[in-house]
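**Student:** One structure follows; several queries about it will come next.
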Amino acid sequence: MRKVSLSIVVLTVLLSCNKTSEVNLIPKPVSFQQRNGSFTINGKTKIKIDSTDSSAFENAVHLVELFKSKGVSCTLETTINHDSPNNIIFTRTACPDSLGAEGYMIDVNPKAITIRANQSAGFFYAIQTLRQLMPADFEKNDFRAKSLTIPCVVIVDKPRFSWRGLNLDCCRHFMTKDFVKRYIDLLAYHKMNVLHWHLTEDQGWRIEIKKYPKLTEVGAWRTNADGTVYGGFYTQDDIREIVAYAAKRHVMVVPEIEMPGHSVAALAAYPQLSCTGKPLKVETNWGVFKDIYCVGNDSTFIFLQDVLSEIVDLFPSPYIHIGGDEAPKYRWENCPKCRTRLRMEKLNSYEELQRYFISRIAKFLEGKGKTIIGWDEILEGGRPHNAMVQAWRGIDRASEALKANAPVIVSPTSHCYFDYPVEVTNLQKVYSFDPVPENTVSEKIDLVLGGECNMWTEYAPQETVDSKVFPRLLAISEVLWTYPNQREYPEFLKRVRYHYNRLDALGVNYGFEQSAVEFKSSIGDVKNSIVVELIKGQDNLQIQYTTNGDEPTAKSTLYRKPIVLTANATIKAAAFNSGIRVGEVFERTFVVTKSLGKPIELSFKPSEKYMGGGLQALVDGRLGTPKYNDGIWQAVQGEDMTVTIDLGSEQQISSVAIGFLQNIPSWIFLPGSVDVFISVDNSTFKQIAQLDCPDSIRQQPMLIYRFNAFTLKNIKGRFLRFVAHNPGPCPDWHPASGSPTWLFADEVVVE
Ligand SMILES: [Zn+2]
């Protein structure tokens, strides 16, 4: 049905071609003017360059080849005669310095196209813009024409940020060489210039290292529970081919070689590099694992330096990403060699020991002319030697990097994680991203190099990657290229809808802009009620829903106006188009209780990533789903959760409950116990219950459990306090043993 509406767009464009054809560029340029008329490219067109200019020359050749592949043969000339008609001119003349290395100007009039740029990248981006000025069909592999027309325009353009990246995780799921090249093309088409290539992980080592063949013989393959073997790797020839392919398209490939954590695949190949030296298997589960490189072991550094020496020879990028994230310190704390290292280096903590590790690698790489990038955890023991930082746990981590005077690449989970479903991070959310933290002082703004979107692939085999990356990549490309005063979501969305033509022609299997159905709820004006709005993901859809537990069908109640709930209810809703369901069934449960919407006080600062929708999350009437990132759960790590609710007046209490999520692989545990107190004055509290749960529940890796007391008698009061006790660090048997656990709560229920 998306295709139907698009063909209407195509038709409209064709009909309007006689006037001025509509232009929709993504990312949007700094300045753009459309004029009457057009320029026609045909066999008589000459592509001309300043004879001495190799950067213009390579791009002119590129353009000649591009047109030729579409059936239009132009000639290339190295003399510029502005008077002769039908020229496409590449020149540096009169290109302002302020456009920098990547900026460009295009002037299309009926007689000539003039492209000005200072450097090769600028000419290249001008060509990408020319492509978007042509009909969408131009991008089809089998498109052939005798001539091409380009509308008359004047464009001046340059990027806001120099670092515009996509992080592609080819470890959790392997991606073929051709697929990676295709993504380089798609990045370049949208004027993005960094492929951050995640090449080593717990679940697979993906790059051939000549000196350590077992890294790919053993480390590139994992054996699933059902006995099937999964894996793959890139040979050094593959890597060189991809890097060269990217360089031609002005995409820098930055390899990520993870250390000291996320290294189980390497340790499975060479167990002597771990603290225990015991055999390990390449991981098949997702998560964070306690076995990491032993920092007390000199052979670890010899190994990593050998590996990095080969990496440095393969990747011309001046940057090497060394990971540095999610490294539990449990093994180090229990390893005699690591403890000796801590003592000998006079360090005060295992975070400082990690800093020692990273700094040692950073200095080694500096000797090879490379700067390291690490995830924001690398700041925890102090900024390692000259490190650049990639902020991921929140925009505030970017502020911390700036405080440490570290150049920063910003890619917070809140806006830039494209493995998250669109229900959590929709197109508009991505578009609202700004890499520069609020209140950044002007002298530090230049330390913000730009941003990246991250495509982690735990749950995304290659064939699903398009639908997660697109259309969200269009938003990130504009966030990173276009200046904020030029950006407005409704106008962007119009261009996106037009751009789908191009993505279709490019063979991109894009996904949704937002969830087909979104729930939005608020506390109602009527006493103790919740107002639930159902928002459709696309204009051409309608929503049908049920409140009796049945699956919604095209015959279920049509959503017309907000639903007012005065009692507990589960709403199941789905979007339909001409009677056919689009996307999945969405389900939310709401509870209408005495505590609904009442003032609440928290003893803790909820995680920025898991706010649950705000400080009122625990009394908003919404029950959580099994997904920890559904936007309903409120979370805190390594702390107790104490919440105090003011019921407004003294009331009889007959039952209390509070819901928690358990997701053990993700370090989310049920609380050890929950104490419940009552007070009339918010100062003297009396305990009324201690809530616990059976061991059989605690042993289940994933579930939702409501700690409750349903038969309270003779309890009266106004203030209720719940104290949920953090169960302590991840236990010994846990892959991340020793790391602080999370508490995830959704709702307090008081009757
Ligand atoms: Zn050790």
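**Student:** Looking at segment 566-636, what strands (runs of 3 or more DSSP E) fall wholly within it and have at least 3 residues that are within 13 Å of Phe519 (Cα to Cα)?
**Tutor:** Those strands (runs of 3 or more DSSP E) span 569-577, 580-590.
**Student:** Among the numbered criteria (1) open to solvent by less than 10 Å² (accessible area, probe 1.4 Å); (2) modelled with pLDDT of 95 or more; (3) more than 15 Å from the ligand (Cβ to nearest atom), which one does Cys335 miss?
**Tutor:** Of everything listed in (1) open to solvent by less than 10 Å² (accessible area, probe 1.4 Å); (2) modelled with pLDDT of 95 or more; (3) more than 15 Å from the ligand (Cβ to nearest atom), Cys335 misses just condition (3).
**Student:** Considering only segment 489-525, state which residues are polar (S, T, N, Q), open to solvent by less than 10 Å² (accessible area, probe 1.4 Å) and over 21 Å from the mean Cα position of the chain (by Cα).
**Tutor:** none
**Student:** Next question, about the same structure. Checking Arg160 against (1) closer than 19 Å to Leu474 by Cβ; (2) charged (D, E, K, R); (3) modelled with pLDDT under 95, which single condition isn't satisfied?
**Tutor:** Just one mismatch for Arg160, condition (3).
**Student:** Do any residues in segment 462-475 that are of a type in the set (Val, Ile, Thr) have Cβ atoms under 9 Å from those of residues that are in a helix (DSSP H, G or I), where the two are at least six apart or on different chains, and which pairs are they?
**Tutor:** Partner pairs satisfying both residue conditions: Val465/Phe179; Val465/Tyr183; Val469/Tyr183; Val469/Leu186.
**Student:** Suppose we filter segment 319-332 for residues that are surrounded by fewer than 20 Cβ atoms within 10 Å (Cβ to Cβ) and near the ligand (Cβ under 8 Å from one of its atoms); how many remain?
**Tutor:** So the answer is 0.
**Student:** Within the bounds of segment 537-556, is there any residue that is at pLDDT 95 or above, at negative phi, exposed (fewer than 14 other Cβ atoms within 10 Å of the Cβ) and under 29 Å from the mean Cα position of the chain (by Cα)?
**Tutor:** no
**Student:** I'm trying to understand the selection: among the residues of segment 339-349, which are farther than 22 Å from Gln305 by Cα and hydroxyl-bearing (Ser, Thr, Tyr)?
**Tutor:** Ser349
**Student:** Return the residues of segment 366-384 that are surrounded by fewer than 22 Cβ atoms within 10 Å (Cβ to Cβ) and assigned to a helix (DSSP H, G or I); say none if nothing qualifies.
**Tutor:** Glu366, Gly367, Glu377 - these are the residues of segment 366-384 that are surrounded by fewer than 22 Cβ atoms within 10 Å (Cβ to Cβ) and assigned to a helix (DSSP H, G or I).
**Student:** Does Pro727 satisfy the criteria of being under 30 Å from Thr284 (Cβ atoms) and either open to solvent by 50 Å² or more (accessible area, probe 1.4 Å) or under 29 Å from the mean Cα position of the chain (by Cα) (or both)?
**Tutor:** yes
**Student:** Please determine whether any residue of segment 481-488 is at pLDDT 95 or above, touching a helix residue (DSSP H, G or I) at 6+ places or on another chain (Cβ under 8 Å), surrounded by 22 or more Cβ atoms within 10 Å (Cβ to Cβ) and not in a loop (DSSP other than H, G, I, E, B).
**Tutor:** no
**Student:** Let me spell it out: the conditions are (1) more than 12 Å from the ligand (Cβ to nearest atom); (2) assigned to a loop (DSSP other than H, G, I, E, B), and Gln305 meets all of them except one. Which number is the exception?
**Tutor:** It fails just one condition, (2).
**Student:** Here's something else I'd like to know. Quick one: would you say Arg397 is surrounded by fewer than 20 Cβ atoms within 10 Å (Cβ to Cβ), more than 16 Å from the ligand (Cβ to nearest atom) and within 24 Å of the chain's Cα centre (by Cα)?
**Tutor:** So Arg397 does not fit the description; no.
**Student:** Here is a further query. When segment 657-673 is examined, which residues are found to be under 15 Å from Leu618 (Cα atoms) and in contact with a Leu (Cβ under 7 Å, 6 or more places away or on another chain)?
**Tutor:** Once the filter is applied, which keeps residues that are under 15 Å from Leu618 (Cα atoms) and in contact with a Leu (Cβ under 7 Å, 6 or more places away or on another chain), segment 657-673 yields Gly659, Phe660.
**Student:** Next question. Of the numbered conditions (1) open to solvent by less than 60 Å² (accessible area, probe 1.4 Å); (2) more than 20 Å from Glu326 (Cα to Cα); (3) assigned to a strand (DSSP E or B); (4) touching a residue at least 60 places away in the same chain (Cβ under 8 Å), Lys716 satisfies every one except a single condition; which is it?
**Tutor:** (1)
**Student:** Here is a follow-up. If you take the residues of segment 440-458 that are in contact with a His (Cβ under 9 Å, 6 or more places away or on another chain) and either modelled with pLDDT under 95 or part of a loop (DSSP other than H, G, I, E, B) (or both), which of them is surrounded by the fewest Cβ atoms within 10 Å (Cβ to Cβ)?
**Tutor:** Going through the qualifying residues, I end up with Glu458.
**Student:** Identify the single condition in (1) closer than 20 Å to Ile476 by Cβ; (2) part of a loop (DSSP other than H, G, I, E, B) that His415 does not satisfy, given that it satisfies every other one.
**Tutor:** (2)
**Student:** Would you point out the residue of segment 656-694, among those that are assigned to a loop (DSSP other than H, G, I, E, B) and of a type in the set (Val, Ile, Thr), that is nearest to Ile632 (Cα to Cα)?
**Tutor:** In this case the residue turns out to be Val680.
**Student:** Also: Which of (1) free of Cβ contacts under 8 Å to residues at least 12 places away in the same chain; (2) under 28 Å from Gly614 (Cα atoms); (3) part of a loop (DSSP other than H, G, I, E, B); (4) touching a strand residue (DSSP E or B) at 6+ places or on another chain (Cβ under 9 Å) is the odd one out, the single condition Asn548 does not satisfy?
**Tutor:** (2)
**Student:** Say we look at segment 632-649 and pick out the residues that are out of contact with any Phe, Trp or Tyr (no Cβ under 6 Å at 6 or more places or on another chain), surrounded by fewer than 18 Cβ atoms within 10 Å (Cβ to Cβ) and of a type outside the set (Ser, Thr, Tyr); which of these is farthest from Ile668 (Cα to Cα)?
**Tutor:** Gly648
**Student:** What number goes with the only condition from (1) within 14 Å of the ligand (Cβ to nearest atom); (2) open to solvent by less than 20 Å² (accessible area, probe 1.4 Å); (3) among the small types (Gly, Ala, Ser); (4) at pLDDT 95 or above that Ser359 does not pass?
**Tutor:** So the condition that Ser359 fails would be (1).
**Student:** Between a first residue in segment 496-508 that is closer than 17 Å to Glu478 by Cβ and a second residue that is surrounded by 18 or more Cβ atoms within 10 Å (Cβ to Cβ) and of a type in the set (Asp, Glu), which pairs have beta carbons less than 8 Å apart while being 6 or more apart in sequence or on different chains?
**Tutor:** As it stands, the answer is Val496/Glu513; Arg502/Glu139; Val508/Asp466, since those pairs meet every condition given.
**Student:** Let me ask you something else. Answer yes or no as to whether Val532 is crowded, with 18+ Cβ neighbours inside 10 Å, assigned to a strand (DSSP E or B) and at pLDDT 95 or above.
**Tutor:** So Val532 fits the description; yes.
**Student:** Answer yes or no: is there a residue in segment 702-712 that is more than 21 Å from Gly648 (Cα to Cα), touching a strand residue (DSSP E or B) at 6+ places or on another chain (Cβ under 9 Å), open to solvent by 60 Å² or more (accessible area, probe 1.4 Å) and assigned to a loop (DSSP other than H, G, I, E, B).
**Tutor:** yes
**Student:** Continuing with the same structure: Every residue in segment 333-382 that is of a type in the set (A, V, I, L, M, F, W, C) and either at positive phi or in contact with a helix residue (DSSP H, G or I) (Cβ under 8 Å, 6 or more places away or on another chain) (or both), please.
**Tutor:** Cys338, Leu342, Leu347, Leu353, Ile358, Ile361, Phe364, Leu365, Ile372, Ile378, Leu379
**Student:** Mind telling me which of the residues Leu314, Leu347, Leu353 ends up being more than 13 Å from the ligand (Cβ to nearest atom), open to solvent by less than 70 Å² (accessible area, probe 1.4 Å), of a type in the set (A, V, I, L, M, F, W, C) and without any contact (Cβ under 8 Å) to a residue 60 or more places away in the chain?
**Tutor:** Just a single option satisfies the conditions, and that option is Leu347.
**Student:** Can you spot a residue in segment 570-583 that is among the aliphatic types (A, V, I, L, M) and open to solvent by 60 Å² or more (accessible area, probe 1.4 Å)?
**Tutor:** Checking segment 570-583: at least one residue is among the aliphatic types (A, V, I, L, M) and open to solvent by 60 Å² or more (accessible area, probe 1.4 Å).
The values are calculated or read from the model by the stated rules, or taken from the named source; none is laboratory data. Fair warning: this is a prediction, and the values are worked out from it, not measured in the lab. Because the Cβ atoms are built from the backbone with ideal geometry, glycine has one as well, and the counts that use them run over all protein chains shown. Ligands, DNA and RNA are stripped out before the accessible areas are found, and what is left, the full protein with its side chains, is counted by its heavy atoms. Shrake-Rupley method; radii C 1.70, N 1.55, O 1.52, S 1.80 Å.
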